[in-house]
Amino acid sequence: MRQPPVRAALTTALAALVLSACSLISSGEPSEPSTSAADGEPGGTSGGTSGGTVVLATHDSFHLPKRLVKAFEEESGYDLEVRGSGDAGTLATKLSLTADNPVADAAFGIDNTFASRPLGEGAFAETTPSVDPPEEYALAEGGDRLVPIDSASVCVNVDTAWFDREGIEPPRTLADLTDPAYADLLVTPGASTSSPGMAFFLATVAEYGDDWETYWTDLLANGAKVVDGWEDAYYGDFTAGSKNGTRPIVVSYDSSPAFTVTDGRTTTAALLDTCFRQVEYAGVLAGADNPEGAQALVDWMLSDEVQSALPESMYVFPVMPGATVPDDWATFAPQPTDPYEVSPEEIAAHREQWLTEWTDVISR
């Protein structure tokens, strides 16, 4: 999620600010794709018989059904303890700063926009999962340490009901968002405080290259609003997310429209030409007290049962081909065929510079 940045001490504070990410609400409402402990409870309820405890560090929105956590504990012999660490960016910062003294055995929730920092700090150990996820989700650098678990694309979403009522054709592309026809209609979480905000920023980098700053200048001149986080944008300013919302265009996810279905129709749509794909990873932490339990946990997250629970538990798409996705997602949550991408290596090389410059642009 994004927050309007603070400029002064950015060179030192940015490392923490940059790594702020999305949170997911475990309800029937659209939420930032990600995951929380068994129905929000840390750890499971049935004790392992011989394996002791395995500790999972994750973001606060991690969520899987209690029955699956209980099955993992009974079948593996490990008690699962889940430790939330704020949003995904905060998690990445914590793992990076504690690489020599890990706070858990395994971690889940680091995505491709933030993976380079904890990998560079040596936070993750090499791991070989029991099954191989599709190669398309693997990191070019660090694929031997981080295992893909789920994916989702950050896309501009529109309130189609609002546009129908107003008799206005909704935008379709990033370029459309700077058109005066859409003045004061867009709200987005910020790049420095939000993982979807960062993903949207990276989509503009992928589209405009070195001219991204000009695009953002035009976007802000057209009345785009930048807020701290995804929830602020979606449930605060977005007309389809809040009765007090005044902006019918929001940065959200490709899966979000599936949770706005009324009478067999969605009231929102994701603009599939604006999307940036995110992949979430899990891994065994270097120096873990229980590396065997951590490996068992990573393998469990690739199982058909967990993968098939991801769409409705965390509003994300599973990476394993054997997993099932709700039938209506094909209709209401189509995925982009050609999402924007920026390599983790390029993100690592330019992230702080980009965000310093981005901060300058939105602070003018």
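The values are calculated or read from the model by the stated rules, or taken from the named source; none is laboratory data. None of the values given here were measured: they were computed from a predicted structure. Cβ sites come from the backbone with ideal geometry, for glycine too, and all protein chains shown count toward neighbours.
A few notes on this one:
- Candidates GLU352, GLU305, GLU312, filtered to the one that is touching a Leu at 6+ places or on another chain (Cβ under 7 Å), of a type in the set (Asp, Glu), farther than 20 Å from GLY283 by Cβ and not assigned by TED's automatic domain parsing to the domain that holds SER252: GLU305
- Evaluation of THR173 against the conditions (1) surrounded by fewer than 17 Cβ atoms within 10 Å (Cβ to Cβ); (2) farther than 20 Å from VAL251 by Cβ; (3) of a type in the set (Ser, Thr, Tyr) shows that the sole unmet condition is (2).
- Among (1) within 24 Å of LYS225 (Cα to Cα); (2) at pLDDT 90 or above; (3) surrounded by fewer than 17 Cβ atoms within 10 Å (Cβ to Cβ) - the single one ILE362 does not satisfy: (3)
- Against the test of being closer than 24 Å to VAL54 by Cα and either modelled with pLDDT of 90 or more or not in a strand (DSSP E or B) (or both), the options GLU280, GLU352, GLU312, GLU345 yield a single qualifying residue, GLU280.
- Some residue of the stretch 194-208 being among the acidic types (Asp, Glu), modelled with pLDDT of 95 or more, part of a helix (DSSP H, G or I) and under 21 Å from the mean Cα position of the chain (by Cα): yes
Every residue, every condition in (1) of a type in the set (D, E, K, R); (2) surrounded by 19 or more Cβ atoms within 10 Å (Cβ to Cβ); (3) not assigned by TED's automatic domain parsing to the domain that holds ALA233, yes or no:
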{"site": "ILE110", "(1), (2), (3)": "no, yes, yes"}
{"site": "ALA115", "(1), (2), (3)": "no, yes, yes"}
{"site": "GLU121", "(1), (2), (3)": "yes, no, yes"}
{"site": "GLU126", "(1), (2), (3)": "yes, no, yes"}
{"site": "PRO129", "(1), (2), (3)": "no, no, yes"}
{"site": "GLU136", "(1), (2), (3)": "yes, no, yes"}
{"site": "ARG145", "(1), (2), (3)": "yes, yes, yes"}
{"site": "VAL158", "(1), (2), (3)": "no, yes, no"}
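- Here TYR215 does not fit the description of being free of Cβ contacts under 8 Å to residues at least 60 places away in the same chain, within 19 Å of the chain's Cα centre (by Cα) and either within 27 Å of ALA181 (Cα to Cα) or not in a helix (DSSP H, G or I) (or both).
- All of SER26, SER50, SER31 fail the test of being at pLDDT below 95, farther than 30 Å from ALA258 by Cα and not in a helix (DSSP H, G or I), apart from SER50.
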